[in-house]
Amino acid sequence: MDGSQRHRLVAVPLVSRDVAPVTAGREAPDVAPGVIVALLIGELAYQRRLNAITCRIVEHAIAMWRRHPSAILVCEAEPMRWLAEQAGVPSTRLLTALPQPKGHTTRLLAEWLRDNRPRLPGRPWWIVTHDLHASRATRLLARCGLDIRAVGVSAPFDSSDADWKLRSARRFRVYNLAAGLYCRSRGWL
């Protein structure tokens with residue numbers, strides 16, 4: 001991912017209907033997306049509520065959707081959709097890819113997007129995920145035949161996160177490397 005694809009989010013409370021816009025610096029390309037996909041970071045089974053990283057990803061996806069309200073906002077998980085609805089995204093512009101309470105993986109999301117491509121609007125499609133996840137996520141989606149641009153969100157890790165891999169950037173890098181090797185061994189990358 002080159003520097004033109006990196007974006008930063010100003011942290012604001014999600015209960016506000018005025019989700020902060022992307023900060024100055026690198027703005028998203030001015031091409032209106034057909035679909036904006038917010039990726040879950042971590043596993044729902046470990047979370048009583050969404051972790052801060054995923055909340056930032058949803059906030060960023062909402063800010064992008066507000067600039068392009070004709071797009072469909074796809075949330076990977078049901079709690080993410082709920083946050084988007086609370087922030088004012090109409091249910092007619094929202095989809096939940098994986099409504100089940102556990103078993104979320106980028107690979108399952110990629111397969112869902114591939115299988116539902118005919119009912120989703122045209123290009124471009126943007127995925128919103130953590131900076132450290134963007135490269136692997138984009139490669140997985142490309143292997144499913146999807147042409148998607150990654151929008152990386154820089155968000156801090158929390159040493160008390162219930163999901164071990166989200167307690168530090170170092171742990172997430174190790175996890176991401178292992179996940180990439182596993183995906184490669186399965187032929188997914």
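The values are calculated or read from the model by the stated rules, or taken from the named source; none is laboratory data. The structure presented is a predicted model; accordingly, all values stated were derived computationally and were not measured. A quick note on method: Cβ atoms are made from the backbone with ideal geometry, for glycine too, and the neighbour counts reach across all protein chains shown.
For segment 96-131, filtered to residues that are surrounded by fewer than 19 Cβ atoms within 10 Å (Cβ to Cβ) and aliphatic (A, V, I, L, M), the residue that is nearest to Pro79 (Cα to Cα) is Leu108. Note on segment 169-183: among residues that are surrounded by 12 or more Cβ atoms within 10 Å (Cβ to Cβ) and basic (Lys, Arg), the one that is farthest from Glu111 (Cα to Cα) is Arg171.
Residues that are part of a loop (DSSP other than H, G, I, E, B) and crowded, with 23+ Cβ neighbours inside 10 Å were ranked within segment 26-41; the one that is modelled with the lowest pLDDT is Ile41. Output yes when any residue across segment 74-81 is surrounded by 14 or more Cβ atoms within 10 Å (Cβ to Cβ), within 28 Å of Lys165 (Cβ to Cβ), modelled with pLDDT under 85 and touching a Pro at 6+ places or on another chain (Cβ under 7 Å), and no when none is. The answer is no, given that none of the residues of segment 74-81 is surrounded by 14 or more Cβ atoms within 10 Å (Cβ to Cβ), within 28 Å of Lys165 (Cβ to Cβ), modelled with pLDDT under 85 and touching a Pro at 6+ places or on another chain (Cβ under 7 Å).
Of the helices (runs of 4 or more DSSP H) entirely within segment 83-189, those holding at least 1 residues that are acidic (Asp, Glu) occupy 106-116, 131-143.
Residues in segment 59-88 that are closer than 21 Å to Ser154 by Cα and touching a Gly at 6+ places or on another chain (Cβ under 9 Å): Ile62, Arg66. Quick check on my filter: what residues within segment 137-161 are over 21 Å from Gly34 (Cβ atoms) and either among the polar types (S, T, N, Q) or crowded, with 19+ Cβ neighbours inside 10 Å (or both)? The answer is Ser154, Ala155, Phe157, Ser159, Ser160, Asp161. Kindly evaluate Leu166 against the criterion of being at pLDDT 90 or above, buried (at least 17 other Cβ atoms within 10 Å of the Cβ) and either closer than 25 Å to Arg49 by Cβ or of a type in the set (S, T, N, Q) (or both). Judged against the criteria, Leu166 is not a match. Scanning segment 42-73 for residues that are of a type in the set (Phe, Trp, Tyr) and surrounded by 17 or more Cβ atoms within 10 Å (Cβ to Cβ) yields a single hit, Trp65.
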